[in-house]
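Worksheet: the structure to be examined is printed underneath.
The values are calculated or read from the model by the stated rules, or taken from the named source; none is laboratory data. Computed from a predicted model, the values in this text were never measured in an experiment. Don't worry about glycine lacking a Cβ; one is built from the backbone with ideal geometry, like all the others, and counts go over all protein chains shown. What goes into the accessible areas is simple: the full protein's heavy atoms, side chains included, and nothing from ligands, DNA or RNA. Shrake-Rupley method; radii C 1.70, N 1.55, O 1.52, S 1.80 Å.
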Number of protein chains: 2
Amino acid sequence: MNYSSFIPPQRTLMGPGPSDVSARVLSALARPTIGHLDPKFVTMMDEVKALLQYAFQTKNPYTIALSAPGSAGMEACFVNLVTPQDTVVVCRNGVFGARMIENVERIGAKLVVVDSPWGRAVEPQQLEDALKANPDASVVAFVHAETSTGARSDAKTLCEIAAKHDCLTIVDAVTSLGGSELKVDEWGIDAIYSGSQKCLSCVPGISPISFSEKAVEKLKGRTDKIQSWFLDQSLVMGYWSGDGKRAYHHTAPVNSLYALHESLVMLHEEGIENSWQRHHNMHNKLAEGLAALDIEFIVPENERLAQLNTIKIPAGLDDAKVRSFLLNEFNLEIGAGLGQFAGEAWRIGLMGFAARQENVTLCLAALEQAIAKCK
Amino acid sequence: MNYSSFIPPQRTLMGPGPSDVSARVLSALARPTIGHLDPKFVTMMDEVKALLQYAFQTKNPYTIALSAPGSAGMEACFVNLVTPQDTVVVCRNGVFGARMIENVERIGAKLVVVDSPWGRAVEPQQLEDALKANPDASVVAFVHAETSTGARSDAKTLCEIAAKHDCLTIVDAVTSLGGSELKVDEWGIDAIYSGSQKCLSCVPGISPISFSEKAVEKLKGRTDKIQSWFLDQSLVMGYWSGDGKRAYHHTAPVNSLYALHESLVMLHEEGIENSWQRHHNMHNKLAEGLAALDIEFIVPENERLAQLNTIKIPAGLDDAKVRSFLLNEFNLEIGAGLGQFAGEAWRIGLMGFAARQENVTLCLAALEQAIAKCK
């Protein structure tokens with residue numbers, strides 16, 4: 001068998017992630033590898049922490065980039081902050097809420113599920129009711145931006161309710177970080193995780209996380225061992241800590257962190273509010289064009305994510321055929337439906353570097369042709 | 001605060017990893033990101049699997065690249081293949097054997113430790129004795145190439161002993177894969193993990209793993225849930241499986257896998273036996289030069305790793321001062337001692353692309369100057 005270098009096509013990535021990665025970030029990615037304990041690298045890590053604090057709008061000292069994808073970030077929040085003695089209320093309105101439930105089950109904690117319909121925001125009153133019915137609840141977990149449905153929940157209100165019932169909050173911001181208003185400190189979020197490959201437009205494989213002081217206190221107060229060695233943040237802290245010597249835990253993904261640093265520098269240059277606004281503006285342009293094509297959204301207008309547009313597949317169109325046509329004719333990737341929406345919806349991402357006028361225009365023009373040709 | 005792009009220095013990496021990454025691999029890393037379910041990407045994944053089978057010398061269908069560093073690869077082997085009902089014999093002769101023990105403890109399985117001195121190979125007779133004394137043992141775990149000490153254990157013999165006692169074997173090949181003779185099928189290894197950043201000279205962050213059919217059978221036969229969702233290989237299989245549709249589990253680190261593919265293509269071009277021989281040859285040249293400098297090895301000659309040379313810090317030299325001198329004057333990184341050897345040893349890596357004549361020559365010449373200047 002002969003093998004040769006893999007030369008990928010140049011796609012336009014408008015699915016649920018990974019999103020388009022700019023040449024600037026790719027170029028940072030390819031800079032020479034240095035050691036994970038090199039003093040120059042440690043200096044860069046400090047900048048990554050500060051830039052992530054900016055992106056999350058937090059002063060949490062424990063704000064780091066986890067060396068694995070967003071689903072490992074989720075697991076890190078759960079295994080470090082949920083003990084088998086906890087009662088956890090998980091709000092589920094899509095695939096990623098369901099994955100949170102998997103995490104709670106594997107820890108063996110008591111689970112309370114608050115179900116909201118797919119494609120809708122989490123209903124605050126339902127959370128309030130669940131917490132009243134379960135006074136022993138100690139943790140509330142929900143997804144800010146459901147990547148499987150395109151629904152945005154009201155994180156601020158949900159956190160207020162959790163705080164009233166003295167619960168720690170774990171929030172999934174995989175798709176929201178950089179694309180939707182998100183204020184970790186102001187909203188009182190205790191543990192949050194995201195992914196590098198969505199609105200930060202970095203390569204996939206890294207999960208930014210942040211723990212409040214209350215969360216760090218809970219972790220430090222644990223007398224049992226965290227069930228994962230790799231994700232045990234009491235050990236990882238020794239490597240990311242700002243004070244003095246960095247203790248070896250595992251080898252950090254050096255080059256991916258170069259790329260994350262660059263994407264965060266770009267976000268800082270643009271300004272976080274400007275980035276939120278840009279996503280919003282591009283969403284409006286896309287929505288206008290979709291309306292002209294008679295394509296309907298799944299999520300009600302005031303619960304929609306700007307960066308992930310879930311739309312109904314028009315009647316008479318073959319799902320897979322359209323997506324293949326877009327990929328083969330225009331090198332354009334849009335996302336299939338997931339879970340309950342498989343075969344019924346498409347997910348059009350406008351994330352990070354992909355939230356650009358040229359992408360909106362290409363997508364609408366290509367969709368128009370696809371609709372004409374794939375009936 | 002102002003932030004700007006991070007431009008790393010161009011180092012020569014001769015520590016315990018990451019090793020020097022070639023321009024060819026860095027260039028592959030920076031190719032345009034495509035979707036993790038893109039048909040072109042799936043084709044590349046199939047090649048990564050076949051190339052990893054070649055590197056591991058196995059026909060195991062379950063041979064994949066885990067989306068996280070080697071220590072997550074270790075944990076994946078343990079949490080998937082060790083149940084709380086198992087008795088696990090762990091051979092410890094350095095930091096990574098100790099980490100295996102951490103894994104067993106966090107699973108709650110019964111643990112038997114076979115200790116060998118730091119800097120020495122695992123003693124087969126001790127394993128044999130431990131298995132005779134613990135007839136309920138079901139798993140044997142050991143480190144092939146101890147990155148903390150530079151000792152190479154006789155994996156073939158250890159696996160033979162384990163097989164005689166009907167035990168599944170878990171082998172750490174983080175530092176050996178590509179650098180030392182390693183034959184997964186011929187030696188009867190059931191579960192093996194490695195890292196991308198050692199003798200494959202890829203960027204850090206990926207862990208190649210391979211499970212034998214016996215290991216897959218054990219995993220599939222489990223009725224309890226694996227304690228980690230992210231590392232649950234019964235779920236990951238759906239994404240890496242060769243048959244039909246790839247089920248979404250998490251977003252694969254697309255660009256890092258481009259780089260791994262390229263580094264494996266390079267290994268295939270060179271030939272695995274030639275790569276082993278090259279590491280051996282460079283080690284001999286380095287050893288010759290070190291002898292001329294009156295520097296002694298820690299590990300006895302027949303137990304030494306070619307790719308990781310642990311040497312005694314000559315009397316009267318300041319450990320940190322020498323390493324800083326090498327880094328600042330020559331952009332040369334060598335490794336500090338770890339654990340028991342901290343402050344007493346250096347670790348000189350000759351891994352993958354770093355196992356080159358020019359690196360050996362630079363290292364010896366720079367060390368000679370450092371010895372003269374840092375007394």
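Please specify each residue of the range B:98-123 satisfying the condition of being crowded, with 18+ Cβ neighbours inside 10 Å and under 15 Å from B:Glu303 (Cβ atoms).
Listed by number, the residues that qualify are B:Ser116, B:Trp118, B:Gly119, B:Ala121, B:Val122, B:Glu123.
Is at least one residue of the range B:77-95 within 20 Å of A:Ile206 (Cβ to Cβ), out of contact with any Cys (no Cβ under 6 Å at 6 or more places or on another chain), within 12 Å of chain A (Cβ to nearest Cβ) and in contact (Cβ under 8 Å) with a residue 40 or more places away in the chain?
The first filter runs over the range B:77-95 and keeps only residues within 20 Å of A:Ile206 (Cβ to Cβ), leaving none.
Within the range B:77-95 (the criterion being within 20 Å of A:Ile206 (Cβ to Cβ), out of contact with any Cys (no Cβ under 6 Å at 6 or more places or on another chain), within 12 Å of chain A (Cβ to nearest Cβ) and in contact (Cβ under 8 Å) with a residue 40 or more places away in the chain), the answer is no, since none of the residues qualifies.
Could you grab the pairs with beta carbons closer than 8 Å, sequence gap of 6+ or different chains, first residue in the range B:272-300 and within 27 Å of B:Thr58 (Cβ to Cβ) and aliphatic (A, V, I, L, M), second one open to solvent by 40 Å² or more (accessible area, probe 1.4 Å) and assigned to a helix (DSSP H, G or I)?
B:Ile272/B:Tyr54; B:Met282/B:Gln357
For the condition hydrophobic (A, V, I, L, M, F, W, C) and at pLDDT below 95, what is the one hit in A:Leu338, A:Leu350, A:Leu286?
After ruling out the rest, the residue left standing is A:Leu338.
For the range B:232-245, which residues satisfy the criterion of being open to solvent by less than 20 Å² (accessible area, probe 1.4 Å) and either modelled with pLDDT under 95 or part of a helix (DSSP H, G or I) (or both)? Give the derivation first.
To start, the set of residues in the range B:232-245 that are open to solvent by less than 20 Å² (accessible area, probe 1.4 Å) comprises B:232-233, B:236, B:239-240.
Within the range B:232-245, B:Gln233, B:Val236, B:Tyr239, B:Trp240 meet the criteria.
Could you tell me whether any residue of the range A:284-292 is more than 16 Å from A:Gly179 (Cα to Cα), in the same structural domain as A:Gln197 (by TED's automatic domain parsing) and of a type in the set (D, E, K, R)?
For the range A:284-292, residues more than 16 Å from A:Gly179 (Cα to Cα), in the same structural domain as A:Gln197 (by TED's automatic domain parsing) and of a type in the set (D, E, K, R): absent.
Hey, does the range A:37-55 have a residue that's open to solvent by 10 Å² or more (accessible area, probe 1.4 Å), in a loop (DSSP other than H, G, I, E, B), under 30 Å from B:Pro32 (Cβ atoms) and in the same structural domain as A:Ala137 (by TED's automatic domain parsing)?
For the range A:37-55, residues open to solvent by 10 Å² or more (accessible area, probe 1.4 Å), in a loop (DSSP other than H, G, I, E, B), under 30 Å from B:Pro32 (Cβ atoms) and in the same structural domain as A:Ala137 (by TED's automatic domain parsing): absent.
Go through the range B:22-36 and give me each residue that's assigned to a loop (DSSP other than H, G, I, E, B) and either away from chain A (no Cβ under 11 Å) or within 19 Å of the chain's Cα centre (by Cα) (or both).
B:Ser22
Is it true that B:Glu329 is modelled with pLDDT of 95 or more and either more than 23 Å from B:Ser194 (Cβ to Cβ) or in contact with a Pro (Cβ under 8 Å, 6 or more places away or on another chain) (or both)?
yes
Identify, please: which residue in the range A:173-231 is acidic (Asp, Glu) and within 19 Å of the chain's Cα centre (by Cα) and is, among those, least open to solvent (accessible area, probe 1.4 Å)?
A:Asp190
Of the residues A:Glu269, A:Glu273, only one is facing another protein chain (nearest Cβ under 9 Å), of a type in the set (D, E, K, R) and within 24 Å of A:Met351 (Cα to Cα); which? Spell out the reasoning first.
Details: A:Glu273 fails: facing another protein chain (nearest Cβ under 9 Å).
Only one candidate passes the filter, namely A:Glu269.
Quick check on the range B:142-158. Is at least one of its residues out of contact with any His (no Cβ under 8 Å at 6 or more places or on another chain), open to solvent by less than 10 Å² (accessible area, probe 1.4 Å) and closer than 18 Å to B:Thr87 by Cβ?
yes
Looking at the range A:250-292 only, could you name the residues that are β-branched (Val, Ile, Thr) and more than 30 Å from B:Glu75 (Cα to Cα)?
Those that are β-branched (Val, Ile, Thr) and more than 30 Å from B:Glu75 (Cα to Cα): A:Val265, A:Ile272.
Rundown of residues vs (1) farther than 30 Å from A:Gln10 by Cβ; (2) touching a helix residue (DSSP H, G or I) at 6+ places or on another chain (Cβ under 6 Å), yes/no style:
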position: B:Ala259; (1), (2): no, yes
position: B:Met266; (1), (2): no, no
position: B:Glu269; (1), (2): no, no
position: B:Gln277; (1), (2): yes, no
position: B:Met282; (1), (2): yes, yes
position: B:Ala287; (1), (2): yes, no
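How many residues are in contact (Cβ under 8 Å) with a residue 40 or more places away in the chain, among the charged types (D, E, K, R) and away from every other protein chain (no Cβ under 14 Å) when one looks only at the range B:157-213?
6
For the range A:356-372, indicate whether the set of residues that are within 13 Å of chain B (Cβ to nearest Cβ), hydrophobic (A, V, I, L, M, F, W, C) and more than 18 Å from A:Gly179 (Cβ to Cβ) is non-empty.
Within the range A:356-372, none of the residues are within 13 Å of chain B (Cβ to nearest Cβ), hydrophobic (A, V, I, L, M, F, W, C) and more than 18 Å from A:Gly179 (Cβ to Cβ).
Checking B:Leu350 against (1) touching a residue at least 40 places away in the same chain (Cβ under 8 Å); (2) under 15 Å from B:Lys312 (Cβ atoms), which single condition isn't satisfied?
(2)
Which residue out of A:Gly179, A:Gly238 is assigned by TED's automatic domain parsing to the domain that holds A:Leu81 and more than 30 Å from A:Ile348 (Cβ to Cβ)?
On the way: A:Gly179 fails: more than 30 Å from A:Ile348 (Cβ to Cβ).
Criteria check complete, one pass: A:Gly238.
Need pairs with beta-carbon distance below 8 Å; first residue within 7 Å of chain A (Cβ to nearest Cβ) and within the range B:8-21, second aromatic (Phe, Trp, Tyr); sequence gap 6+ or separate chains.
As it stands, the answer is B:Pro8/A:Phe41; B:Pro8/A:Tyr258; B:Val21/B:Phe353, since those pairs meet every condition given.
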